[in-house]
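See structure below.
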Amino acid sequence: MALTKQGISKNIIFLYEKGYSIQAISTKLKIPKTTARDRLLKAGIPLRTHSNGQLKNKICPRIKSIKTAPYGFCLVQGQLQPDPKEQANLQLILNWWQQGMSHCDIARTLNGKKIKPRKAKEWSQPTIGYIIKRHQGNKSEKNCRWP
């Protein structure tokens, strides 16, 4: 049994007034959402706006995952914990920065003292810059030239 346009429109209006969403109506009647929306507008039915409750139900809260811990910390059962060895080096880096040493000078000093970074062979100016930026906020970087 085929429904006429008028019959479909009446069903759309009936379902919409019962509280069905346009998505639910289109699924139930097997028609495109745009058709359901257009028929409601032609019939003079004001469309509902999303309520905050509807949107909150669909959106899951984001949980930030940490894949690798920042320098000075380690992951223990998914939680950041201070790493005592790296914390000592981190304090050296931050103290030298506060004393006015450039990123390059700090990297050279650490390499000269044979203090190894976590993964790389030696310290570099960008690595020192990232560590300082993360712990001190955005401060202007000092220019440097590698020998």
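The values are calculated or read from the model by the stated rules, or taken from the named source; none is laboratory data. Because the structure is a prediction, the values reported are computed rather than measured. FYI the Cβ positions are ideal-geometry reconstructions off the backbone, even for glycines, and counts take in every protein chain you see. Please note that ligands, DNA and RNA were not included when accessible areas were found on the heavy atoms of the full protein model with its side chains. Shrake-Rupley method; radii C 1.70, N 1.55, O 1.52, S 1.80 Å.
Only one of the numbered conditions (1) touching a Lys or Arg at 6+ places or on another chain (Cβ under 6 Å); (2) within 12 Å of Tyr71 (Cα to Cα) is not met by Ser102, and that is (2). The set of residues in region 43-69 that are surrounded by 10 or more Cβ atoms within 10 Å (Cβ to Cβ) and either outside any loop (DSSP other than H, G, I, E, B) or at pLDDT 80 or above (or both) comprises Ala43, Ile45, Arg48, Gln54, Lys56, Thr68, Ala69. Residues in region 70-81 include at least one that is of a type outside the set (Val, Ile, Thr), modelled with pLDDT of 85 or more and in contact with a Cys (Cβ under 9 Å, 6 or more places away or on another chain).
Tell me, which residue of region 5-27 that is within 17 Å of Lys42 (Cα to Cα) and open to solvent by 90 Å² or more (accessible area, probe 1.4 Å) is nearest to the chain's Cα centre (by Cα)? The qualifying residue nearest to the chain's Cα centre (by Cα) is Glu17.
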